[in-house]
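Report on the structure given below.
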Amino acid sequence: MNEQLKNEPIISVRGLTKSFGKNTVIHGIDLDIMSGEKITIIGPSGCGKSTFLRCLNCMEDPSGGSIFFQGVDIADTKVNINTHRERIGMVFQQFNLFNNKTVIDNITLAPIYVEKRKLRKAKRKNFVTSVKNIFRKEKLPLEATTTKKKIVERAEERAMELLRRIGLEEKAHVYPSTLSGGQKQRIAIVRALAMEPKVMLFDEPTSALDPEMVGEVLDLMKELANDGMTMIVVTHEMGFAREVADKVLFMYDGVIAEEAPPKEFFESPKNPRLQQFLQSIL
């Protein structure tokens, strides 16, 4: 990769707006996120933090503006958003695990679906090419080398590797209802990692946890940060923002009212509303 590509943002937001009916909740946000950067977003309830995060992978369709992910405007309705969303992991407040599936099934569901879809597409392409080559009397193309069985085996191997990483290998075949909140959220993070994303989005991942379970989730997030994962985190955990973030954003009334490195952000806030907010929570 040349230096120019290295210095390009992995996500570039330009003029992003989001409205629900007549209510505009995001007002023309511009933001560049570099590969490997850790960004935390804080602000009062109702300021647009979660909506902004969900716009970044188009779980909420933007009302206006552009969101360039690896150079492609995924806010463009002509773009197949599912292809790009595979590389943008999302972790929610409420875990969103499937209670009728085991832990390993939760983790492998998306990778297996995506790889089987790619296999079907490759087989169709090979079939069409084979027919064309028969009439042209040319050499037949190589057939797809993988199988559905191999896809499942690889997905399960990857899932077990991730479970071992977080010390929950023994929970592979249990159901989410038997897990603690902290375990559920770590499984949810692993489920996102199973897709091998380039970016991870976290929407207040500890807000639904009992206080004693917060630490185990934050420790896993810190480990991901140390491994170089690009992360955008909406959070109320100020200690995490201070320790992990490269940049902290303060959102208020649907705009980014202030952004700065953690030390400057927390010790020398400039925006009066940010000063008031920090005084109320620190």
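The values are calculated or read from the model by the stated rules, or taken from the named source; none is laboratory data. Please read all numbers here as calculations on a predicted model, not as lab measurements. When we count neighbours, we look across all protein chains shown, and the Cβ atoms used for this are built from the backbone with ideal geometry, even at glycine. The protein model used for the area step is the full one, side chains on, heavy atoms only, and it has no ligands, DNA or RNA in it. Shrake-Rupley method; radii C 1.70, N 1.55, O 1.52, S 1.80 Å.
Residues to consider are M213, M160; find the one that is more than 19 Å from M90 (Cβ to Cβ), open to solvent by 10 Å² or more (accessible area, probe 1.4 Å), part of a helix (DSSP H, G or I) and in contact (Cβ under 8 Å) with a residue 40 or more places away in the chain. Walk me through how you get there before you give the answer.
Details: M213 fails: in contact (Cβ under 8 Å) with a residue 40 or more places away in the chain.
Result of the check over M213, M160: M160.
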(request) Keeping to region 65-78, report how many residues are touching a strand residue (DSSP E or B) at 6+ places or on another chain (Cβ under 6 Å) and in a loop (DSSP other than H, G, I, E, B). (result) 2
(request) Give region 79-96 a look and list any residue that's in contact with a strand residue (DSSP E or B) (Cβ under 8 Å, 6 or more places away or on another chain), farther than 18 Å from T235 by Cβ and assigned to a loop (DSSP other than H, G, I, E, B), or say none. (result) V79, R87
(request) Mind counting the residues in region 65-79 that are touching a residue at least 60 places away in the same chain (Cβ under 8 Å), more than 18 Å from V91 (Cβ to Cβ) and surrounded by 15 or more Cβ atoms within 10 Å (Cβ to Cβ)? (result) 1
(message) Could you check region 265-274 and list, in sequence order, the residues that are loosely packed, with under 14 Cβ neighbours inside 10 Å and part of a helix (DSSP H, G or I)?
(response) E267, P272
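Working only within region 34-64, note down all residues that are open to solvent by 40 Å² or more (accessible area, probe 1.4 Å) and not hydroxyl-bearing (S, T, Y). First the steps, then the outcome.
Keep residues of region 34-64 that are open to solvent by 40 Å² or more (accessible area, probe 1.4 Å), which gives 34-35, 45-46, 54, 59-61, 63.
Correct list: M34, G46, R54, M59, E60, D61.
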(message) Go through region 227-254 and report how many residues are within 20 Å of F52 (Cα to Cα) and surrounded by fewer than 16 Cβ atoms within 10 Å (Cβ to Cβ).
(response) 3
(message) Here is a check on your reading of the model: is K184 within 21 Å of A159 (Cβ to Cβ), buried (at least 21 other Cβ atoms within 10 Å of the Cβ) and in contact (Cβ under 8 Å) with a residue 40 or more places away in the chain?
(response) yes
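Out of I187, I256, which single residue is modelled with pLDDT of 95 or more and within 30 Å of G64 (Cα to Cα)? Write out each step before concluding.
Details: I187 fails: within 30 Å of G64 (Cα to Cα).
The match here is I256.
Criterion first (out of contact with any strand residue (DSSP E or B) (no Cβ under 6 Å at 6 or more places or on another chain) and either in a loop (DSSP other than H, G, I, E, B) or farther than 14 Å from G89 by Cβ (or both)) does L218 satisfy it?
Yes.
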(message) If T178 meets every condition in (1) touching a helix residue (DSSP H, G or I) at 6+ places or on another chain (Cβ under 9 Å); (2) in contact (Cβ under 8 Å) with a residue 24 or more places away in the chain; (3) surrounded by fewer than 16 Cβ atoms within 10 Å (Cβ to Cβ) apart from one, which number is that one?
(response) (2)
(message) Checking the structure you have, find out if any residue of region 105-127 is modelled with pLDDT of 95 or more, of a type in the set (D, E, K, R) and either under 30 Å from S180 (Cα atoms) or touching a helix residue (DSSP H, G or I) at 6+ places or on another chain (Cβ under 9 Å) (or both).
(response) yes
(request) Take the residues in region 187-210 that are part of a loop (DSSP other than H, G, I, E, B) and among the small types (G, A, S), then tell me which one is least open to solvent (accessible area, probe 1.4 Å). (result) A194
